[in-house]
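The values are calculated or read from the model by the stated rules, or taken from the named source; none is laboratory data. Here the structure is a predicted model, which means the values were calculated and not measured. Every residue, glycine as well, gets a Cβ built from its backbone with ideal geometry; the counts of neighbours run over all protein chains shown. Just the protein is used for accessible areas: all its heavy atoms, side chains included, with ligands, DNA and RNA removed. Shrake-Rupley method; radii C 1.70, N 1.55, O 1.52, S 1.80 Å.
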Amino acid sequence: MPEQERMNMHTKIEILKGDITKVTVDAIVNAANTSLLGGGGVDGAIHRAGGPAILADCRKIIARQGGCKTGEAVITTAGNLSAKFVIHTVGPVWNGGEKNEAQKLTACYTNALQLAVDNACKTIAFPCISTGVYGYPFHEAAKIAVDAVMEFIAHSDQMDKVVFVCFDEENFLIYQHAMATKRESTWD
Ligand code: ADP
């Protein structure tokens with residue numbers, strides 16, 4: 001069952017455990033790499049489930065701008081997925097925390113949300129960006145994800161729903177805790 005929190009009058013935040021390719025939303029966010037040519041983890045799962053149309057769109061973006069920088073986001077078709085779009089963002093590789101990782105991870109969430117709004121999306125799902133092969137510590141990454149989304153929706157009422165999709169139980173529990181902590185500090 002989804003853990004649901006209503007943190008403002010409009011935008012609902014959900015925490016789900018499972019596979020992001022199965023979630024029904026307008027935009028699914030991909031934790032891509034700068035090449036946009038696909039990889040393992042959630043990137044591989046999204047390209048496998050969505051089919052070759054996603055990579056074809058990525059290649060057009062590569063031809064236009066040469067990939068995607070860390071912290072930035074680009075948008076493509078979602079191919080065979082039920083979503084309308086995939087928003088590809090590139091999380092930072094964890095390097096001990098002194099290389100602006102937090103700032104870059106915040107930018108991933110903010111830029112993906114802005115791109116979703118710009119494309120009239122009302123619902124969006126995020127994976128736990130950077131917490132796989134990029135090695136970001138789970139607690140820090142979850143706090144950044146929750147803070148960045150809460151900050152964005154505090155200034156924009158364009159989104160109906162933001163879903164955090166945790167692939168593993170550990171992140172699922174960490175996100176629930178991060179949301180509860182945020183709610184306490186926001187409402188106290
Ligand atoms: P990164 O390179 O940004 O670390 P990864 O894909 O390696 O990206 O991992 C990011 C997160 O996505 C990890 O928490 C991983 O467990 C999770 N993940 C992997 N496959 C899926 C999936 N199908 N749906 C949702 N999350 C997934």
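Considering the range 24-37, and only residues there that are closer than 12 Å to Thr77 by Cα and more than 11 Å from the ligand (Cβ to nearest atom), the residue that is most open to solvent (accessible area, probe 1.4 Å) turns out to be Asp26. Annotation: Tyr134 fulfils all but one of (1) over 23 Å from Ala27 (Cα atoms); (2) in a loop (DSSP other than H, G, I, E, B); the unmet one is (1). Only one entry of Ala83, Ala45, Ala49 meets the criterion of being part of a loop (DSSP other than H, G, I, E, B), surrounded by 17 or more Cβ atoms within 10 Å (Cβ to Cβ) and within 14 Å of the ligand (Cβ to nearest atom), and that entry is Ala83. Just a yes or no: is a residue in the range 70-77 away from the ligand (no atom under 15 Å from the Cβ) and without any contact (Cβ under 8 Å) to a residue 12 or more places away in the chain? No, there is no match, as no residue in the range 70-77 is away from the ligand (no atom under 15 Å from the Cβ) and without any contact (Cβ under 8 Å) to a residue 12 or more places away in the chain. Considering Gly40, Gly91, the condition of being within 16 Å of the ligand (Cβ to nearest atom) and open to solvent by 20 Å² or more (accessible area, probe 1.4 Å) is satisfied by Gly40 alone. Total residues in the range 118-131 satisfying the condition of being part of a strand (DSSP E or B) and either among the hydrophobic types (A, V, I, L, M, F, W, C) or within 10 Å of the ligand (Cβ to nearest atom) (or both): the figure is 3.
Just the residues that are more than 18 Å from Ile20 (Cβ to Cβ) and surrounded by fewer than 20 Cβ atoms within 10 Å (Cβ to Cβ), please, taken from the range 71-80. Glu72, the sole residue that qualifies. Does Gln176 fit the bill of being outside any helix (DSSP H, G or I) and either in contact (Cβ under 8 Å) with a residue 60 or more places away in the chain or more than 13 Å from the chain's Cα centre (by Cα) (or both)? Answer is no for this residue. Apart from one condition, Leu55 fits all of (1) away from the ligand (no atom under 15 Å from the Cβ); (2) assigned to a loop (DSSP other than H, G, I, E, B); the exception is (2). Among the criteria (1) over 20 Å from Leu16 (Cα atoms); (2) within 16 Å of the ligand (Cβ to nearest atom); (3) assigned to a helix (DSSP H, G or I), the one Leu115 does not fulfil is (2). Taking every residue in the range 117-135 that is without any contact (Cβ under 8 Å) to a residue 60 or more places away in the chain and pairing it with any residue that is charged (D, E, K, R) and more than 16 Å from the ligand (Cβ to nearest atom), at least 6 positions away or on another chain, yields no pair with a Cβ-Cβ distance below 7 Å. Restricting attention to the range 141-170, the residues that are within 14 Å of the chain's Cα centre (by Cα) and part of a helix (DSSP H, G or I) total 11.
Within the range 43-64, residues that are within 24 Å of Gly132 (Cα to Cα) reach partners that are at pLDDT below 95 and not in a helix (DSSP H, G or I) with beta carbons closer than 9 Å, at six or more positions or on different chains, in the pairs Gly44/Gly38; Ile46/Gly38; His47/Gly38; His47/Gly39; Ile54/Gly38; Leu55/Gly38; Cys58/Gly38. Under the condition of being of a type in the set (Phe, Trp, Tyr), modelled with pLDDT of 95 or more and open to solvent by 70 Å² or more (accessible area, probe 1.4 Å), the residues counted in the range 137-188 number 1.
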